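Chemist: Here it is, the structure in full.
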Amino acid sequence: MFKYKFEINKEGCWAYWAQSSIRWNWYFNQGEANKWKEFTGEFTVEEENGLNRLREILQKEGNAYLWLWDRYENNQIENKEGKESWEKIKSVLADKFEKIWQIEKPKLEVWKKELEQLDLKDKEDNLKRIFNFFGVFNQEKEIKAKLLFGFGKKAGGATKKEFPNSMILLLSGADLKDRRFVLNVLLHESLHLLEYSSEKDLLFRQSFKEILAPLKIKQSQPSWRHLITESIIGSIIGRGVGCWDKGESKEITGIFVDKEKNRNHFYNQKILLISQKLAPLTEKYLKNNKEMDSVYTDQVLEILKEELVD
């Protein structure tokens, strides 16, 4: 099943904190940036200039999250100019980062010890059904989980398809009493990595081609694929609406967030709603140890169409 190696990665924490301090893409969270400023104080002109240079790097074509994940992985920057720029940015912001590092690192160390005691034996039967659902058989998935700063009381996480055996967990701010939620985040992200190794993407694409593509609706930031996979995995486990963690969250009955004012929150709420609607069907497939098929993915796309097409 899943086998984890938990790591505290200073370079990764550096990159994650720095990118969260600037509005460089649609996922920017002002509350997160404000939280770190409570520790560091306002940026000087020189520090702001350093952050602006980082924004330019991230917004350069082909960089963005791929560039960030290379930092999370401790990969070398091959381009000499790019390497010098990153080192200069780090030098300018070093004092600010160290203030946060000294506060957050001990919290990450506590969580690392906690997670290393994790035992998933009681979940093996359910995990086997989930592996089967994604059409992945007889595999042990080894995962590097990198523990990074988390500004909120609730843990978060992320994966990227180009790094199929790694995830980041944002959890330094999470309460140790909230172990169950953290475990759910860990498993949710693990299912994303499982999905990357499956061939069910072919089903998503065919259902999309038949149901949504004819409408010629542009969708980016997030992409249709992101919305599809988040909804499916959320219908299993994630934020209390999945069939595995059902009842750990209030029922979602509507979306009251202005997309133009808070695009991130709007789509997170939409995904929750879609996952909740999809959960009964997902539960049926898992209980019957049934593999995902076109009937299932067609239903996913119909729900997305209902919720996201005006």
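Chemist: Mind checking the dipole of the range 10-115: about its Cα centre, +1 per Lys or Arg Cβ, -1 per Asp or Glu Cβ, Debye to the nearest 20?
Modeler: Using Cβ point charges on Lys, Arg, Asp and Glu, the range 10-115 gives about 220 debye.
Chemist: For labels at Glu291 and Val110 in the simple 7 Å Cα→Cβ model, what's the distance in nm?
Modeler: With each label placed 7 Å out from Cα toward Cβ, I get 4.6 nm.
Chemist: Rg to Rh for the range 23-90: what is it, with Cα atoms only and Rh by Kirkwood?
Modeler: On the Cα set of the range 23-90, Rg over Rh gives 0.98.
Chemist: Still on this structure, I have one more. For the range 233-241, in order, what is each residue's ³J(HN,Hα) by Karplus, 6.51 cos²θ - 1.76 cosθ + 1.60 with θ = phi - 60°, in whole Hz (x at glycine and Pro)?
Modeler: 5, x, 6, 8, 7, x, 6, x, 10
Chemist: Sticking with this one: If you bin the C-alpha pair distances of the range 199-308 every 10 Å from 0, what whole percents do you get?
Modeler: 14, 47, 32, 6, 0
Chemist: Each residue of the range 37-43 in turn: what ³J(HN,Hα) in whole Hz from Karplus with 6.51, -1.76, 1.60 and θ = phi - 60°, glycine and Pro shown as x?
Modeler: Couplings: 5, 5, 7, 9, x, 5, 7 Hz.
Chemist: Now for a separate question. What FRET efficiency comes out for the pair Lys246/Lys144, r = Cβ-Cβ distance, R0 = 25 Å, nearest 0.05?
Modeler: Efficiency for this residue pair is about 0.25.
Chemist: Bin width 5 Å, origin at 0, all Cα-Cα pairs of the range 1-154: what percent of pairs per bin?
Modeler: 2, 8, 15, 18, 16, 14, 11, 8, 5, 3, 1, 0
Chemist: State to the nearest 20 debye the size of the charge dipole of the range 134-209 about its Cα centre, where the only charges are +1 on K and R beta carbons and -1 on D and E beta carbons.
Modeler: 240 debye
Chemist: If you don't mind, there's one more thing I want to ask. In the range 1-65, which GluC sites (Glu not before Pro) fall in coil by DSSP and have 12 or fewer other Cβ atoms within 10 Å?
Modeler: Those that pass, being in a loop and sparsely packed, are Glu42, Glu61.
Chemist: Pop out the Kirkwood hydrodynamic radius of the chain from its pairwise C-alpha distances, inverse of mean 1/r, in Å to one decimal.
Modeler: Value: 20.6 Å, from the Cα pair sum.
Chemist: Once both axes come from the Cα atoms, what is the angle between helix 124-133 and the longest principal axis of the chain, in degrees from 0 to 90, rounded to 10?
Modeler: Taking the Cα atoms of the chain, the angle to 124-133 is about 80 degrees.
Chemist: Now for a different question. State to the nearest 20 debye the size of the charge dipole of the range 199-308 about its Cα centre, where the only charges are +1 on K and R beta carbons and -1 on D and E beta carbons.
Modeler: With Lys and Arg at +1 and Asp and Glu at -1, about 260 debye.
Chemist: A further question follows. Suppose R0 equals 35 Å; then what is the FRET efficiency for Asn165 and Val45 from their Cβ-Cβ distance, rounded to the nearest 0.05?
Modeler: 0.25
Chemist: Ranking request for peptides 224-235, 295-306: highest mean number of other beta-carbon atoms within 10 Å first, then the rest in descending order.
Modeler: Packing order, densest peptide first, comes out as 224-235, 295-306.
Chemist: If R₀ is 30 angstrom, what is the calculated FRET efficiency for the pair Ser197 and Ile77, using the beta carbon separation as r and rounding to 0.05?
Modeler: 0.60
Chemist: Taking 7 Å along the Cα-to-C-beta vector as the label spot, tell me the His226-Ala33 distance in nanometres, rounded to one decimal.
Modeler: Those two pseudo-labels are separated by 1.7 nm.
Chemist: Can you give me the Cα centroid spacing of the range 152-224 and the range 1-59 in angstrom?
Modeler: Cα centroid of the range 152-224 versus Cα centroid of the range 1-59: 21 Å apart.
Chemist: Okay, moving on. In whole Hz and in residue order, list the ³J(HN,Hα) couplings for the range 141-151 that follow from phi through the Karplus curve 6.51 cos²θ - 1.76 cosθ + 1.60, θ = phi - 60°; x for Gly and Pro.
Modeler: Here the 3J(HN,Hα) series is 9, 8, 10, 8, 9, 8, 8, 10, 4, x, 7 Hz.
Values quoted throughout were computed directly from the atomic coordinates according to the rules given, and no laboratory measurement underlies them. Please read all numbers here as calculations on a predicted model, not as lab measurements. Cβ: placed from backbone, ideal geometry, glycine included. Neighbour counts: every protein chain shown.
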